Structures are given as C-alpha cells and as structure tokens.
Amino acid sequence: MARSLGQLRHRPPRYSAAALAWRGLRGHTWPRVWRDPELKTSYDAVVVGGGVHGLATAYYLARNHDITDVAVLDKAYLGSGGSGRNTAIIRANYLTPAGVAFYGRSLQLYNSMAVDLNINVMFSERGHLTLAHTDGALRTMRWRAEVNKLGGVDSSVIGPGEIKKIVPSLDTSDRPRYPILGALYHPPGGIVRHDAVVWGYARAADHLGVEMHQRTEVLDVLCSGGEGPGGKGAGGRVTGVRTNRGDISTPVVINCTAGWASLVSAMAGVRLPIVTHPLQAAVTEPVKMFLPAVVVSGSLHVYVSQTSRGELVFGASVDPVATYSVRGSSEFTEELAGHVLQLMPGISQMRLLRQWAGLCDMTPDYSPVMGFTPVEGFLVDVGWGTYGFKAGPVSGEQMAEVVATGRTPELIEPFALSRFNTGNLVGEKGAAAVGH
Amino acid sequence: MLLVPCPNCGPRNSADLRYGGESHARPDPATASPHEWRAYLYLRHNPAGWLRETWYCRSGCRRWFALERNTATNEFRDPPLPGDKRGGAA
C-alpha cells in the first residue's frame, strides 16, 4: 500500500472531471505537467524540435518501441513554431493514394487522441468543404473524391444547394466574381486545439521517461567519416549534437524543425529540397456560432473555421518571398478581407483581433521529406510546408518505427529524400495548398 | 511590405515584382549527370542570412535581375545600378 501511494506521488494525476472537482474542492494545486530534468551528456536518440512532430516521435519511440532514453531539444519553448501558429485544421482528402493513406492514418490517431493521451484536445469533427469556383477546380475535386473513396476516406462532390444547407452564411449565388460551383465535402475533417496536442504529447512522453529540454538550441551536428569537412556529409555518421548547453553524444538525431529544417540539416552536411516561406494567419473577435464547417477556397487563397470560442480563424497561401522573418503585412489582411467577403458578405462588420505568421518548409511537390539521409543516424521529418500539423501524430508514429527498426515503413516510403534523385515526386499541390 | 531596390525603377513594393528564388549556376545540360541536374532543380541552400536571389520587375521595367538580401532581416545589400553587369546576370 505504502509503495503504491509512493508511486502515486510520483505519477502525475490523470485528467478527469472527477479529478478536477476533487482537486478544486480540496484546494490542491496541479503539479508541473512535465519535468525539467538536467541535460545529460548522452542519449539513445535526440529529437531536434519540440513541436507536434518532435514530441510525437519521442512519444511513439517510448510507447511503441520502449526507447525511452530520448531527449527532445527546442531552442525556444515547446510548440513555439508551427505547432502553435497553424490554423488547426485536420483532414485526409488529399490527391495522391500515398497522401490519402498517410493523412487518413493521422485522422485516425487524432480521433482517439483524447483517450490515448488523457487530455482534452477538443477535436471537433465538423466537416470540411473545399469550394470550387471553376470547372478545372471541380474536376480536381471529383478526382480527389474518387481517390479518397478508394483509400477509404469519406469524401464526395456536392453542389451549391447542399453547400448552402451545410453553411448558410456562404454566398452561393452568381453575384460574386468567382461564384461557387460545387465543393469537395469531407465529413471527417475538423479542427482541434493545437496547443493541447503539443501539451498532450509532451505530458505523455514525459510519463514514459522522455526528457524535454527547452531553450536548448542545437548549434552543430557532430559527425564522423563523411566526405565533407568535419566528417559531415554523405557516407558519414552522426556522433552527437553541440548545443548552447554543452555537447551531447547520440547515435541518432531526428530533425523535426520544419521552417528551420534546412539550417539543421546543413549542420550534418545534408542539403534539402526546401525553401522557407512565411504563412500568415489571422483571427477575428469571437461571435456566436454560425460557421458549422471548415471552409476552404483555393481560388480565393483562404481557409476559415470558427473556434469553439467563436473566433474566425483565417489562413492563406504562403507569402511569395522566401524569408525567416515572421513579420506580418497589410497586403495580407487587405487581400484576405476582400476574399473572405466574397464568400461571406455578412461578416463585413467583424473586426480582426490579430494576425501572425509561421515558417513553412516548402518542398517542390508539396509532400514531406521523411526518413533516412545520406548521413547514417541523421533522420529527417521535414518539408511540412502548410500541412504539417494535421500530420503530426502519424509522422511521429512512422518516424519512431524508422528509428526502432532501421527500415522505412511502407506508409512513408513515397516521401523519402531519395525521390528527388529518382524523380518520383508525390505531387500534392492541388490538394495541400491554396493559391495555385 | 518589402521594398525591393529595382536597379531600373528604384524601390518598389515586392508585390510589384515576381520572386525568382535562389540564384545559382545552371549546369551544362549536355554534360551534367542526372544527379547534378536534379540537385540543380531541387536542392536549395535556404540560408538564414545573406542570399543572392533573382527578381522579375513585372509591373515596372520587366527585367530580371539579381540582388543580395538577408533572409533573416530582409535588408538588401549593395543593390546594383542600371547598366551594372551584376544586375543583368540573374
């Protein structure tokens, strides 16, 4: 009994309504969600980047493969990059069979996440509408719907009448410059609270023994045996990382740094087919619930959803100029407002509360780069462009399998870095982005 | 807003130009190996610092030119002047 009580003291409390009431009434405070251990000098694996991808990779390494001597390093705080800046949309209605299978698995993991991680991620499966304003777009929607159905993902093309029934606030008349001709309707799509996903993975990974180190910036990746200077580059292998808090030796480094992916890979002498562009998003003041589905328009470069709190969250296409600066621009808000009012003229009096930007690591084919590189022990989970958040869980699961088994699982084989050398690109631009 | 120093038209909003991306030498298609050619097509340095890149002044002089910009701060360095060889060597 004493032993189990002792364990209970060290085991973090489970989250539940009963625990909330109990602790609230007794005046108990909640303990720290994850520990803040000393940085060791050696780990079995080091994950660079403490966002959804990095944390999920560490979590699945520990949960599925019993590899718990893992450190997740982040130069700022957990979820400070794309994981905290995305528009939190979840969907699987992609264009290629490889993409549909992959994002479909991620949707499954999001569905059971609240139970698996014991945290309320506020997953709202509210349906996802991709509007078509041209015959060409309608043709692509039909194509996507058929590929989705074959891959077991629920998608269908619907007309303006049905769209109006689902989202009455949309202008489905022929008044706008680009009238709505139809839409790809994807009922399993929805939104999720992105911070809760980050915290959920961090907390669950921490319970399993993984260490999270914030404000720990990787300054160099230490290699030996490679053809480049310092033993880096093709043919070499990873021996550790140099951080602002000292050197760490490790045989495995997993680069999960999204917008900064090129910089961290360059430290190991690996070049990537990636260019970093900022993507801006904005949020309005909260209003009563009126938008029951996620609405996307490729032609109008916008996607919009209403949070449970009532704010409208808008995202757009990436800024055209490559930069690491996340400064916003007034061109963005002007263009956004113009386009949104084409879709929903009724919200012209709503006020924007704020806008922000995140960094997107864009690849030429709008698909990620996952798995091995020419440097042994240096793995990448990058190229997440504008679609990384929705893929976080499945990426973590698959990357953990890569580390544990030393093989690339079938699900992510199409996304290997070597595809750029063989020319087998996975073109997802038509389904992964707006503004094309 | 990014003010781009066009060598012919002076400072202009980046929305008036088309961004051409990282400027790098094209290998000779006759002699390049498939590996070299694909590296030229796809691989990028993508530095967080000074980068030589190309721009097209689409609503001004309608010329391509190369500039150096710091991708972390968005400052331009030493913009070329009209007639400057560097300006035409995109």
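Here are the numbers for this structure:
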read-out: Answer residue from region B:38-80, given it is within 25 Å of B:Asn8 (Cβ to Cβ), of a type in the set (A, V, I, L, M) and within 14 Å of chain A (Cβ to nearest Cβ) and is nearest to the chain's Cα centre (by Cα) among those; value: B:Leu67
read-out: Sole exception among (1) within 16 Å of A:Asn86 (Cα to Cα); (2) within 14 Å of chain B (Cβ to nearest Cβ); (3) out of contact with any Cys (no Cβ under 8 Å at 6 or more places or on another chain) for A:His277, by number; value: (3)
read-out: Lone qualifier among A:Gly298, A:Gly315, A:Gly310, A:Gly338 - being open to solvent by 30 Å² or more (accessible area, probe 1.4 Å) and small (Gly, Ala, Ser); value: A:Gly338
read-out: So A:Tyr303, is it open to solvent by less than 50 Å² (accessible area, probe 1.4 Å), aromatic (Phe, Trp, Tyr) and over 19 Å from A:Ile89 (Cα atoms); value: no
read-out: Region B:7-37, residues that are within 14 Å of another protein chain (Cβ to nearest Cβ), within 14 Å of the chain's Cα centre (by Cα) and not small (Gly, Ala, Ser); value: B:Leu17, B:Arg18, B:Tyr19, B:Glu22, B:His24
read-out: Selection within region A:291-311 - part of a loop (DSSP other than H, G, I, E, B) and among the polar types (S, T, N, Q); value: A:Ser299, A:Thr307, A:Ser308
read-out: Identity of the residue in region A:65-80, outside any strand (DSSP E or B) and in contact with a helix residue (DSSP H, G or I) (Cβ under 6 Å, 6 or more places away or on another chain), that ends up surrounded by the most Cβ atoms within 10 Å (Cβ to Cβ); value: A:Leu78
read-out: Any chance A:Ala62 is in contact with a Pro (Cβ under 9 Å, 6 or more places away or on another chain) and touching a residue at least 40 places away in the same chain (Cβ under 8 Å); value: no
read-out: Evaluation of A:Pro273 against (1) in contact with a strand residue (DSSP E or B) (Cβ under 6 Å, 6 or more places away or on another chain); (2) open to solvent by less than 40 Å² (accessible area, probe 1.4 Å); (3) closer than 26 Å to A:Asp319 by Cα; (4) in contact (Cβ under 8 Å) with a residue 24 or more places away in the chain (one fails), failing number; value: (1)
read-out: Residue selected from region A:246-261 under the condition over 18 Å from A:Ser395 (Cβ atoms) and open to solvent by less than 10 Å² (accessible area, probe 1.4 Å), by the criterion farthest from the other protein chains (Cβ to nearest Cβ); value: A:Thr250
read-out: Members of region A:205-236 found to be under 24 Å from A:Pro12 (Cα atoms) and in contact with a strand residue (DSSP E or B) (Cβ under 6 Å, 6 or more places away or on another chain), listed by number; value: A:Val210, A:Glu211, A:Met212, A:His213
read-out: Hits in region A:144-187 - residues which are surrounded by 13 or more Cβ atoms within 10 Å (Cβ to Cβ), part of a helix (DSSP H, G or I) and either touching a residue at least 24 places away in the same chain (Cβ under 8 Å) or assigned by TED's automatic domain parsing to the domain that holds A:Ala431 (or both); value: A:Arg144, A:Ala145, A:Val147, A:Asn148, A:Ile163, A:Ile166
read-out: Residue count for region A:51-86, restricted to those that are under 12 Å from the mean Cα position of the chain (by Cα) and small (Gly, Ala, Ser); value: 8
read-out: Qualifying position, being touching a residue at least 12 places away in the same chain (Cβ under 8 Å) and within 22 Å of A:Thr134 (Cα to Cα), among A:Gln306, A:Gln342; value: A:Gln342
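Okay, residues lined up against (1) of a type outside the set (Gly, Ala, Ser); (2) within 12 Å of chain B (Cβ to nearest Cβ); (3) within 22 Å of A:Gly189 (Cα to Cα); (4) not in a loop (DSSP other than H, G, I, E, B):
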site: A:Val313; (1), (2), (3), (4): yes, no, yes, yes
site: A:Ser325; (1), (2), (3), (4): no, yes, no, no
site: A:Glu331; (1), (2), (3), (4): yes, yes, no, yes
site: A:Leu336; (1), (2), (3), (4): yes, no, no, yes
site: A:Met350; (1), (2), (3), (4): yes, no, no, no
site: A:Asp361; (1), (2), (3), (4): yes, yes, no, yes
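The values are calculated or read from the model by the stated rules, or taken from the named source; none is laboratory data. Predicted model, so just to flag it, every value in this text is computed and none were measured. We place every Cβ from the backbone using ideal geometry, glycine too, and count neighbours over all the protein chains shown. With ligands, DNA and RNA removed, areas are computed over all heavy atoms of the protein, side chains included. Shrake-Rupley method; radii C 1.70, N 1.55, O 1.52, S 1.80 Å.
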